[in-house]
Amino acid sequence: MTEATADEHPPGAARESNRAEGSARVHIVVTCTNRKSLAVPADLRVGVLSEYLPKQRLAEWLRRLSEPGQPSTAAASLYAGEHWAAARQLATSVRAEAQLWVCSAGYGLIPATAQVRPYAATFTTREADSVGRRAAENRDWWRGLSEWVGPEPGAPRSFYDLARTNPDDTIIAVLSDTYLRACSDDLRRAAGQVSDPQRLTIVGPAQADPNLDELVVGVTALMRPAVGGSLLALNVRVAQRLLGLVNADPGTHRRSHLRALAHELAATAPPPAPRAHRERMTDDEVKAFIRPLAAAGPTSATRLLRQLRDSGKSCEQGRFKQIFDAIELDVRR
């Protein structure tokens with residue numbers, strides 16, 4: 001996979017093109033990441049608001065995000081890790097005018113150029129900074145974020161707003177299963193606002209929400225050998241491959257075309273390499289492995305998990321990431 005150079009187009013900026021006035025643009029919305037390039041202040045972790053009732057939690061959260069005079073950075077520069085490294089390239093992968101957006105559990109829908117503060121919030125349940133304990137609470141939280149003016153006043157604050165204000169454009173949402181479910185009501189409403197229903201596509205896991213399956217170009221593990229990387233970045237790497245195969249013709253942005261490309265990608269992907277036999281590690285053993293490496297300097301869960309597996313050991317990816325995040329938080333204090 002050939003990546004565009006980072007300085008060719010600023011991440012999140014609309015790509016320059018020779019399109020005729022009035023022709024469609026492409027809006028690419030990507031799930032945010034837990035990993036940030038800046039330290040997260042203690043008061044901007046959703047977990048510290050656990051004593052608040054749900055509506056009070058959201059109100060207090062928005063008050064904290066809105067405090068004036070606090071350090072901020074462009075969203076495109078805030079997120080880190082393998083997933084976001086690939087996401088930054090999406091707007092330059094498509095040969096048409098494109099803009100990158102972020103689907104954030106902390107801020108809602110925001111342009112990648114928006115100025116934001118480092119924060120910790122996720123739609124994944126049973127995490128320290130989960131915004132809800134179940135899918136219904138996550139949907140309520142997303143709805144509340146959509147009603148807030150946000151960090152860039154005047155910009156669309158929901159998929160519905162994005163589609164309503166740009167009905168002739170293409171919207172491609174690259175979402176994980178938990179974020180897809182949190183935004184499900186919003187996505188269904190957005191589907192009714194685009195002039196061509198085929199111009200709204202979700203790239204992500206099929207059957208995360210049966211009511212949205214019609215909108216989804218399904219991503220499966222069968223595609224991983226074709227695009228490389230870890231499962232954490234699979235959705236965005238598949239999206240990058242698909243967008244690299246379309247052109248400025250809006251017809252190539254339609255869901256049916258992207259779905260056909262995805263089917264071909266899965267069908268022609270090389271078989272996965274045989275899994276090596278590795279010794280499974282306990283939580284305490286994983287902690288002992290991670291702590292000195294995390295304390296030595298900036299690193300990532302993906303890098304350390306690869307290093308662990310190269311040594312002949314084994315740990316499930318989600319479990320490793322949870323342990324890594326807890327240790328990294330402790331090391332940074």
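Observations, loosely collected:
- Whether the range 292-333 is rounded, prolate or oblate, judged on the alpha carbon gyration tensor where a/c under 1.5 counts as rounded: oblate
- The range 249-258 - phi-based ³J(HN,Hα) in whole Hz, Karplus 6.51/-1.76/1.60, Gly and Pro as x: 5, x, x, 7, 8, 5, 4, 4, 6, 5
- Cα gyration tensor category, rounded, prolate or oblate, for the range 58-139 with a/c compared to 1.5: oblate
- The chain: relative contact order as a whole-number percent, Cα under 8 Å and 6+ apart: 17
- Solvent exposure of SER256, expressed as accessible area, is near 60 Å², computed with a probe of 1.4 Å over the protein chains only.
- Packing around the peptides 41-47, 62-68, taken as the average count of other Cβ atoms within 10 Å per residue, puts them in this order, highest first: 41-47, 62-68.
- Along the range 203-213 the Karplus relation, 6.51 cos²θ - 1.76 cosθ + 1.60 evaluated at θ = phi - 60°, assigns HN-Hα couplings of 9, x, x, 6, 6, 5, 9, x, 6, 10, 4 Hz to successive residues, with x for each Gly and Pro.
- Amide H contacts under 5 Å for VAL102: VAL30, ILE110, ALA112, restricted to partners 5 or more places along the chain or on a different chain, H placed in the peptide plane at 1.01 Å from N.
- In terms of its C-alpha gyration tensor, the chain comes out oblate, because a/c is 1.5 or above while a/b does not outweigh b/c.
- In Hz, Karplus ³J(HN,Hα) per residue of the range 232-244 (6.51, -1.76, 1.60; θ = phi - 60°; x = Gly, Pro): 4, 10, 4, 4, 6, 5, 5, 4, 4, 5, 5, 5, x
- In loop segments of the range 95-159 as defined by DSSP, the GluC sites (Glu not before Pro) with at most 13 further C-beta atoms inside 10 Å of their C-beta are GLU147.
- Exposed chymotrypsin sites (Phe, Trp or Tyr not before Pro) absent - longest run of the chain, DSSP non-H/G/I/E/B, at most 16 other C-beta within 10 Å: 149-333
- Within a Gaussian network of the chain (alpha carbon springs, distance under 10 Å), most fluctuating of LEU109, LEU293, LEU38: LEU293
- Choice from THR122, THR252, THR92 with maximal GNM fluctuation in the chain (Cα, 10 Å cutoff): THR252
- Here the accessible area of the chain is 51 percent carbon and sulfur, with a 1.4 angstrom probe and all protein chains present.
- Ranked by how many other beta carbons lie within 10 Å on average, peptides 244-251, 167-174, 184-191 from highest: 167-174, 184-191, 244-251
- Surface exposure of the chain, expressed per residue as accessible area with a 1.4 Å probe, stands at 48 Å².
The values are calculated or read from the model by the stated rules, or taken from the named source; none is laboratory data. Here the structure is a predicted model, which is why all the values come from computation and not from measurement. Note that we place each Cβ from the backbone using ideal geometry, even for glycine, and neighbour counts take in every protein chain shown. The protein model used for the area step is the full one, side chains on, heavy atoms only, and it has no ligands, DNA or RNA in it. Shrake-Rupley method; radii C 1.70, N 1.55, O 1.52, S 1.80 Å.
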